[in-house]
Amino acid sequence: MADRKTTTHILTEASLDYLTHMRLSAFKEIGFVKWGRKRADVLAISLKGHLVAHEIKSCMADYTTDKKKWSYRPYIERLYLVFDHLTYEKHKSKLDLECRSNNAGIMVLSPKTGYLRSVLKCRSQSVDPEVARLLTIRLAWRAGESKRTRTRRTRRYIEQQ
């Protein structure tokens, strides 16, 4: 069995693959509020502006120690928890019950196909338009060229003939 860091990396990449395959633009480690106090592992936005978050859970200890995961719901329309197959099968009844009560979905990495599959659907909920607008601006800023991505200014000259 892989260590937590490797499992987290594989689940994150599978999540990004799934969301981009579904024609969403996906981002890693996006904060819902300033200074990253609440941060989604993967946040995606559709062309219609729908916001979906995937919280990666590498093991049951990761799931139980994360106390902020349910506080993400006011910022997004859909929340999915992403597990590996063994963790989900071992704790299926507990995970299904808690996710249903918090209106979250569950995605599992299939050991047969190597793709994520949804085992518990998530109902969409409305988000305050101002919250959605601010998150959309944050995603646009993250994707664009800025001081965050271009750390050093370079002098450029055009040769005159």
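The values are calculated or read from the model by the stated rules, or taken from the named source; none is laboratory data. What you are looking at is a predicted structure, and each value in this text was computed from that prediction instead of being measured. We place every Cβ from the backbone using ideal geometry, glycine too, and count neighbours over all the protein chains shown.
For the stretch 11-33, the candidate set comprises residues that are among the β-branched types (Val, Ile, Thr) and either assigned to a loop (DSSP other than H, G, I, E, B) or touching a Leu at 6+ places or on another chain (Cβ under 7 Å) (or both); within that set, the residue that is nearest to Gly144 (Cα to Cα) is Ile30. Can you work out which of the residues in the stretch 75-101 that are touching a helix residue (DSSP H, G or I) at 6+ places or on another chain (Cβ under 7 Å) and either assigned to a loop (DSSP other than H, G, I, E, B) or not acidic (Asp, Glu) (or both) is surrounded by the fewest Cβ atoms within 10 Å (Cβ to Cβ)? Restricting to residues being touching a helix residue (DSSP H, G or I) at 6+ places or on another chain (Cβ under 7 Å) and either assigned to a loop (DSSP other than H, G, I, E, B) or not acidic (Asp, Glu) (or both), the top hit is His91. Tell me, yes or no, whether the stretch 3-19 has at least one residue that is more than 19 Å from Leu109 (Cβ to Cβ) and either surrounded by fewer than 16 Cβ atoms within 10 Å (Cβ to Cβ) or touching a residue at least 60 places away in the same chain (Cβ under 8 Å) (or both). No.
For first residues located in the stretch 20-32 and on the phi > 0 side of the Ramachandran plot, partners that are part of a loop (DSSP other than H, G, I, E, B) and lie 6+ apart or on another chain with Cβ distances below 8 Å form the pairs Arg23/Ser46; Arg23/Leu47.
When you look at Ala61, is it closer than 18 Å to Arg4 by Cβ, among the aliphatic types (A, V, I, L, M) and out of contact with any Ser or Thr (no Cβ under 6 Å at 6 or more places or on another chain), yes or no? So Ala61 passes the test.
Among the residues of the stretch 110-139, those identified as more than 16 Å from the chain's Cα centre (by Cα), surrounded by 10 or more Cβ atoms within 10 Å (Cβ to Cβ) and without any contact (Cβ under 8 Å) to a residue 12 or more places away in the chain are Arg133, Leu134, Ile137. Each residue in the stretch 42-54 was checked for being surrounded by fewer than 22 Cβ atoms within 10 Å (Cβ to Cβ) and in contact with an Asp or Glu (Cβ under 7 Å, 6 or more places away or on another chain), and 1 of them qualify.
Those residues that are assigned to a strand (DSSP E or B), modelled with pLDDT under 90 and among the hydrophobic types (A, V, I, L, M, F, W, C), I need them from the stretch 34-44; list them, please. Ala40 - this is the single residue of the stretch 34-44 that is assigned to a strand (DSSP E or B), modelled with pLDDT under 90 and among the hydrophobic types (A, V, I, L, M, F, W, C).
Reported count of residues in the stretch 55-68, each being outside any loop (DSSP other than H, G, I, E, B) and surrounded by fewer than 19 Cβ atoms within 10 Å (Cβ to Cβ), is 6. Could you run through the stretch 109-140 and say how many residues are closer than 30 Å to Lys34 by Cα and among the β-branched types (Val, Ile, Thr)? Number satisfying all stated conditions: 4. Just one of the numbered conditions (1) more than 25 Å from Leu11 (Cα to Cα); (2) more than 18 Å from the chain's Cα centre (by Cα); (3) at pLDDT 85 or above is not true of Ser93: (1).
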